[in-house]
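As C-alpha cells, the structure follows; a few thoughts come after it.
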Amino acid sequence: MKVLSGIQPTGLPHWGNYFGAIQQYIALQGNEQAFYFIADLHALTTIRDSATLAQNSADAALDLLALGLEPEKATLFRQSDVPEVTELTWLLLTITQMHLLEKCVSYKDKKERGIAADAGLFTYPVLMASDILIYDSEVVPVGADQIQHLEVTRDIAKRFNSLFGETFVLPAPHVLDSSAKVPGTDGEKMSKSYNNTIPIFETPKRLKKLINRIRTDSTPVEDPKDPDRCAVFDLYRLFASPEEQTQLADRYREGGMGYGDAKGLLYESAMEYFAAAFERRDDLKKRPDDVKDILKSGAATARARAREVVDRAKHACGLSCFL
Ligand code: ADP
Ligand code: TRP
C-alpha cells in the first residue's frame, strides 16, 4: 500500500495533532511506500515571515522524528525540495474547473468574511492534488477537515485521466479516528486557531500552567463528579492505561477529590508518555546535520518517484520530455 500525507509547519504541534494525526501516520510507516512531507509551500499561503517559516519547517522535522517517525520505515522530506510538485501543479491547473475550487471551505470562508484571498490560497487544493498524485499514492491519512481536498484531488485525477488517458492513480482518504477529538484547555476542540492548545514539547513549568488552566465546573471537592463530562478526564484517557482510567473514574464518582488532583495526575501521565520523545528531540537537536541528511535523502527518494509520474503526465498531455 502506498501511503502519503503532508503536515503544514504552522506552529508547535499539540496534543490534538499528535493523537488526531501524527500517531496514526507513525502507525502506517513500514508500508510498501510511506511518504510524509512537511508542507512548507502550503504554509507559504499563511506565513509571510521567512525566519518563522524556516524555523517551523526545521522544528517539524525534529518533532516528527522525535515522536517516532523512523527514516528506515518512512520517507520524510520537505515539499519544497521536490520541485516536480510545482511542475505538475501547472499541468493540473490547466484542467481544474473553477467551481471545484470556489466551493473549497478555506477559500470560501475567507471570501465570506470579506478578506481578500490570494491566488495561492485559491489554488491550494491543486498543489495538494499534485502532492498526492505525484507519488501514485493510494491511501492518504487525513483529518476530517481535509476530506474535501481529497475529493478535489480525485476529481482532478479523473478529469485528467478522461482527457488524456489513464495517468493517475485515484487515491482514497484514510480518515483518521474521529473519536480522537482532543479537547483544548477551554473544553472545545484543541486547535491553534482557538488559542487553547497544549503543545507536546512544552517545558514542565509551562505544561503545568496550561494543565491548571483547563476549564472545569464548580462542583465542590466533596461532591461526586462525572468523568465523562470533564476535559481533564478526557485528556487523561489519552495517556493512562485502562486500569488507571478506571481508578480515576471511580475517584471522580466517589467525591472527595478536587479537579486539582486530577490535573496533577494528568500532568504526570503526560510527562511520562512523552518522556522518550523529549529525549530523542534533545538528542536530534544536537545533530542538525543528521536531520538535514534525513531530509535530503528523503527528498532524493521522493524526487525519483515524482519524476517518473510527471514524465508520464507530460507525455500523456502532449509535452514531450527529452530529459
Ligand atoms: P490546528 O487546528 O491546531 O490548526 P491542524 O489543522 O494543523 O491543527 O491539524 C492537523 C491535523 O491534526 C488535522 O487534520 C487533524 O487530523 C489533527 N487534529 C488537530 N486538532 C485536533 C484535535 N483537537 N483532535 C483531533 N485531531 C486533531
Ligand atoms: N492541507 C493539509 C493540511 O492542512 C496538508 C497537506 C498538504 C496534505 N498536502 C497534502 C495532506 C497532501 C495530505 C496530502 O493538513
Among the helices (runs of 4 or more DSSP H) lying completely within the stretch 121-232, list those that include at least 2 residues that are more than 16 Å from ligand 2 (Cβ to nearest atom) and touching a residue at least 24 places away in the same chain (Cβ under 8 Å). 147-164, 204-212
Mind listing whichever residues of the stretch 160-198 are surrounded by 18 or more Cβ atoms within 10 Å (Cβ to Cβ) and farther than 30 Å from ALA306 by Cβ? VAL182, PRO183, GLY184, THR185, MET190, ASN196, THR197, ILE198
Do the conditions hold for ASP145, that is, is it within 17 Å of GLY16 (Cβ to Cβ) and either modelled with pLDDT of 95 or more or away from ligand 1 (no atom under 16 Å from the Cβ) (or both)? no
So, PRO9, is that one more than 12 Å from ligand 2 (Cβ to nearest atom), in contact (Cβ under 8 Å) with a residue 12 or more places away in the chain and farther than 21 Å from GLU138 by Cβ or not? no
Top-ranked residue of the stretch 8-31 - restricted to ones that are within 21 Å of VAL85 (Cα to Cα) and surrounded by fewer than 21 Cβ atoms within 10 Å (Cβ to Cβ), ranked as modelled with the highest pLDDT: GLN8
Looking at (1) within 22 Å of the chain's Cα centre (by Cα); (2) more than 16 Å from ligand 1 (Cβ to nearest atom); (3) over 23 Å from LEU64 (Cβ atoms), which one does TYR107 not meet, given that it meets all the others? (2)
Condition check: outside the structural domain of ILE26 (by TED's automatic domain parsing) and in contact with a Leu (Cβ under 6 Å, 6 or more places away or on another chain). Does ILE211 satisfy that? yes
Please enumerate the residues belonging to the stretch 57-69 that are surrounded by fewer than 20 Cβ atoms within 10 Å (Cβ to Cβ) and farther than 17 Å from ALA299 by Cβ. ASP59, GLY68
Note on the stretch 32-51: residues within 15 Å of ligand 2 (Cβ to nearest atom) and not aromatic (Phe, Trp, Tyr) are GLN33, ALA34, ILE38, ALA39, ASP40, LEU41, HIS42, ALA43, LEU44, THR45, THR46, ILE47
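The values are calculated or read from the model by the stated rules, or taken from the named source; none is laboratory data. Only a predicted model underlies this, so the values are computations on that prediction, with no experimental measurement involved. Positions of Cβ are backbone-derived with ideal geometry, glycine not excepted, and every protein chain shown enters the neighbour counts.
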